[in-house]
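Quick notes on the structure that follows.
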Amino acid sequence: MLFMVVSLSMQASMPAEAVALGFVETSRIVLVANGPDRTLQSFGVRDLGGEAIWTRAGTAHPSLIVANPNGSEFAVLDMIENLVLRVRIDGAVERIRVPESPLDARFEGNALYVLCRDARRLLRIDGANRIEAETDIDPLLAASDSNSILLYSRVTGSLRHYDARDLVLGRDSTQAAFAVDAEASEGELFLTFPQLAEVHVISRKTLSLIERIKVGAVPTDTVIESSTTLLRTGLLNTADPSSKRTWETEQSQSTSRAFAQGFLQGFLGLGLIRPSSKDFPNGVDRIARGTAYDSSTGTLYRVTKKSVKRLSTGIPPRAWVSAQPGIIYWDPLTRSVKLDAR
């Protein structure tokens, strides 16, 4: 691929580079998969401007990097080549061929689960052991833990619960179709529906609908800002590109719980936390905690309670991570990784 120096306005309109980032909180390691260079590079989060810890051969079309929460490894997905790279933080790389279109992946312990959309297959890869299960049409990896994997079909609305050990299909249910995003807390699943302007809250235990939350005009992505506790009502934050805003909304709760929460807040002298909205110059369609992203221009923003700050533009869709140290992102102008520290 030919690279040249271009103006910022020109670069915003050019196709994004095939670059993906991953970050492990425990070991504080950043992995950069650079498609044009076909490389994998590892950096310490506080030394992003220095030399890479190591460089290895990568893949031409990195579409997603998933980190193992235990800090030991990453999975790099290539949807074009139908390839998954298991990359240990010491630099060892295992290349695994998978069925068509590896869309998403999760680690649970040492097991890697890979969702292959077009092949309609869910894989469990643990060392030399590999198990496959059939999925519904156009599946989305909605939630996972050490006991179960939950898939949602964007076409049929089916929710399917698979046993994490052997991928045996268990209970299932049917919800509204055409959700574009799924976020999960310990007990609940949140599905975002642009055509309904709603977020649906589903019980992960029973796979039944708990509530529908009206939000914005055409919501596209939701993040869980906080969970409901005895002292605070849980907050959701949802991107709405058509309104050029993000919306904070409260999760509903029972009357008795709301009364108890109000009593405790008054007794302890705690003030109310009111949901707020943020305005953007363009429509942002993806968000994470303290971060918003406009896919049409590749513009990344830092978001606080008081302000919105543009960090850069022309950033590839999977080339940024919101983490505890700050926002880690690929800067296409300098072709390097940067940290906007919290």
Whole-Hz Karplus couplings 3J(HN,Hα) for segment 276-286, θ = phi - 60° and coefficients 6.51, -1.76, 1.60, Gly and Pro as x, run 9, 10, 10, 9, 10, x, 10, x, 8, 10, 9
Roughly how big is segment 121-235's charge dipole about its Cα centre, with Cβ charges of +1 (Lys, Arg) and -1 (Asp, Glu), in debye to the nearest 20?
160
Classify the chain as rounded, prolate or oblate, taking a ≥ b ≥ c as the square roots of the eigenvalues of its Cα gyration tensor: rounded when a/c is under 1.5, otherwise prolate if a/b is larger than b/c and oblate if not.
oblate
Just how large is the dipole of the chain about the Cα centre, in debye to the nearest 20, putting +1 at every Lys and Arg Cβ and -1 at every Asp and Glu Cβ?
760
Please return the longest range in the chain lying between exposed loop sites, taking GluC sites (Glu not before Pro), DSSP loop only, at most 15 other beta-carbon atoms within 10 Å, and leaving the sites out.
187-342
Sequence-distant or interchain residues sharing an amide H contact under 5 Å with THR291, placed H: which?
VAL303
Cα gyration tensor, segment 132-256 - rounded (a/c under 1.5), prolate or oblate
oblate
Under a 10 Å cutoff between Cα atoms, tell me which one of PRO317, PRO219, PRO281 has the largest fluctuation in the Gaussian network model of the chain.
PRO281
From Cα pairs below 8 angstrom and at least 6 apart in sequence, can you work out the relative contact order of the chain, rounded to a whole percent?
10
What helix-only [θ] at 222 nm does the chain give? Using -39500 (n - 2.57) per DSSP H run of at least 4, over all residues, to the nearest 500, the answer is -1500 deg cm²/dmol
What are the ³J(HN,Hα) values, in whole Hz, obtained from phi via the Karplus relation 6.51 cos²θ - 1.76 cosθ + 1.60 with θ = phi - 60°, for each residue of segment 168-182 in sequence order, with x given for Gly and Pro?
6, 6, x, 6, 8, 7, 10, 10, 4, 8, 6, 5, 10, 8, 9
For the chain, built as a Gaussian network whose Cα springs stay under 10 Å, the top-fluctuating residue of ALA105, ALA164, ALA92:
ALA92
Net length gained if the chain between ALA177 and ALA57 were fully extended (0.36 nm per residue, minus Cα distance)
39.2 nm
Between the modelled labels at LEU333 and ASN110 (7 Å from Cα along Cα→Cβ) the distance in nm is 4.6
Residues with beta-carbon under 10 Å from that of ALA143, excluding ALA143: net charge, scoring Lys, Arg +1 and Asp, Glu -1?
-2
Once Lys and Arg get +1 and Asp and Glu get -1 on their Cβ, which of SER158, ILE213, VAL199 lies farthest toward the positive end of the dipole of segment 110-227?
SER158
Amide H contacts of GLY298 (H built 1.01 Å from N, under 5 Å, at least 5 apart or other chain):
GLY314
Please list 3J(HN,Hα) in residue order for segment 323-334, calculated via the Karplus relation 6.51 cos²θ - 1.76 cosθ + 1.60 where θ = phi - 60°; whole Hz, with x for glycine and proline.
9, 4, x, x, 9, 9, 8, 8, 8, x, 6, 9
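Read the figures in this text as sums done on the coordinates, not as results from a lab. Note that the coordinates shown come from a computational prediction; the quantities given were computed from them, not determined experimentally. Glycine also receives a Cβ, built like all others from the backbone with ideal geometry; neighbour counts cover every protein chain displayed.
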